[in-house]
Amino acid sequence: PSHHVAYLYDYAGEPWKTRDILRIIMDSLYTPFPNGLCGNDDCGQMSAWYVFGALGFYQVCPGKPEYAIGCPRFPKMIVHPENGKALVIETRSSGDTPRYIRRAMFNGRTMTKSFLTHTQITEGGRLTFVLGNSPSETWGTNPGDYPSAAIPQRIVPVPYFTAPGASFADSTAVSLLSPVPGPEVYYTTDSSTPSPSSILYQHPVMIHATTTFRAIAVDADGRRSGVAQATFSKSAQRKKITLLTRFSDQYTGGGNDALIDGLRGSLDFRLGPWQGYEQVDLDAIVDLEKIDTLTSVSLGCLQDVNSWIFFPRYVEFSFSTDGTKYPDTVRVADTVSERDETLQIQRFQADRIPHPARYVHIRAKNIGLCPPWHRGSGGKAWLFVDEAEFTSK
């Protein structure tokens with residue numbers, strides 16, 4: 001998008017006019033009603049687009065520090081970057097339907113470019129748009145004055161790590177790979193910054209203790225990627241788990257052993273330790289590998305109502321010595337309202353275990369669908385769990 005008339009770019013980089021797409025989208029596809037979003041607002045992306053559109057600029061090409069100027073919606077707006085400075089955006093209008101940018105000034109100087117740089121935004125100042133009834137045929141249309149939808153620099157992507165899980169019992173193999181063919185990967189395990197003089201990755205690395213890898217990729221011309229980092233933790237827990245329901249491939253928590261790997265999740269469900277179940281219950285059996293006198297059993301769960309994540313209605317712990325008969329069951333009910341929008345973690349804990357046990361059957365009851373009062377009413381609800389913990393005498 002450029003100077004309030006949407007542009008599309010062909011492969012030669014030349015713009016050609018289409019209709020006033022940005023304002024059409026904002027006016028017709030966003031409303032204050034339950035169906036007021038024109039797509040899945042997962043992580044707030046659709047809403048973020050609207051906010052940027054209303055401000056009058058948007059980062060069309062992710063990774064490039066340029067923001068294409070679109071259609072500012074309000075007479076005055078202020079952006080506050082983290083550095084404490086402020087970017088003031090104001091519009092001046094003439095005509096009956098002032099929806100098109102005729103000219104622009106930045107800090108009082110005429111601005112010919114139809115895009116902002118990230119530096120301009122963070123350094124702050126005053127951006128003024130003069131709007132009219134029709135688009136300008138000259139503003140922002142000269143070569144170099146309109147934004148590019150490509151990153152001209154060649155970028156070496158950071159490497160990534162693969163392993164059976166984020167934690168392990170005795171040892172595990174870790175692979176360090178480049179997302180694209182060609183670059184070599186170098187790594188360290190001593191917290192130092194990797195460089196081409198570090199260890200060259202040639203085959204999976206076997207580790208026997210908690211290890212933090214740092215790695216870079218280097219191409220044939222010597223260009224380097226950013227530094228990637230990952231920690232693989234050795235767990236003291238000696239347990240096995242059988243999952244009777246399948247977790248989402250989108251939120252694996254690190255794999256099948258996520259509930260017994262010793263890793264707790266944070267309040268951000270996007271981070272690794274959380275294992276997600278969409279609409280289905282968690283149903284799992286943990287083998288403690290010996291009969292033990294337990295004093296407590298608990299399961300960590302997350303509630304983030306605005307992300308469709310709710311605490312389970314209850315968690316049941318059933319106990320057995322042989323893995324066949326489960327004569328003892330303790331149910332722990334949810335104590336937090338499903339309407340509570342506070343981002344929070346609750347440990348569902350049973351403190352009175354009737355008899356010694358080797359096997360613990362854990363069931364966490366998903367609420368199933370988002371409640372009628374929720375803006376995602378009728379949509380599939382998520383259950384997020386991080387760690388089953390056991391204490392014994």
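Brief remarks on what is shown
- The chain: relative contact order as a whole-number percent, Cα under 8 Å and 6+ apart: 11
- Per residue accessible area in Å² of the chain, where ligands, DNA and RNA are left out and the probe is 1.4 Å: 52
- Carbon plus sulfur fraction of accessible area for the range 128-187, probe 1.4 Å, in percent: 56
- Net charge over other residues, Cβ less than 9 angstrom from the Cβ of A258 (K, R count +1; D, E count -1): -4
- The listed peptides 340-352, 380-392, ordered by packing as a protection proxy, come out as 380-392, 340-352 (highest mean of other Cβ atoms within 10 Å first).
- Whole-number percent relative contact order across the range 237-292, with pairs defined as alpha carbons under 8 Å at least 6 apart: 51
- Size of charge dipole - the chain - debye, nearest 20, with Cβ of Lys, Arg +1 and Asp, Glu -1, no other charges: 760
- The structure-derived value of Cα Rg over 2.2 N^0.38 Å appears in the list [x] 1.29; [y] 0.97; [z] 1.05 under the label [x].
- Links that overshoot a 32 Å alpha carbon limit, given the list K240/K365; K240/K393; K64/K234: K64/K234
- Between the range 344-391 and the range 146-186, the alpha-carbon center distance in angstrom: 34
- Gain on full extension, evaluated as 0.36 nm per residue between D287 and L37 minus their Cα-Cα distance, stands at 85.4 nm.
- In this simple spin-label approximation, L29 and V280 carry label points 7 Å from Cα along the Cα→Cβ vector, and these lie 3.3 nm apart.
- Accessible area of the range 275-393 belonging to carbon and sulfur atoms, whole % at 1.4 Å probe: 46
- Modelled FRET efficiency - R0 35 Å, Y160 with Q344, Cβ distances, 0.05 increments: 0.65
- For the range 216-315, the relative contact order works out to 25 percent when only alpha carbon pairs closer than 8 Å and six or more residues apart are counted.
- Residue-span extension gain [N142 to T329] - 0.36 nm each, minus C-alpha spacing: 59.9 nm
- Taking the DSSP bridge list for the chain and keeping only pairs wholly inside it, about 90 percent are antiparallel.
- Gain in span if fully extended, K240 to S134, counting 0.36 nm per residue against the direct Cα distance: 31.3 nm
The values are calculated or read from the model by the stated rules, or taken from the named source; none is laboratory data. Quantities reported herein were computed from a predicted structural model and do not represent experimental measurements. Neighbour counts are summed over all protein chains in view; Cβ atoms, including those assigned to glycine, are modelled from backbone coordinates with ideal geometry. Keep in mind that these areas ignore ligands, DNA and RNA; they rest on the heavy atoms of the full protein, side chains included. Shrake-Rupley method; radii C 1.70, N 1.55, O 1.52, S 1.80 Å.
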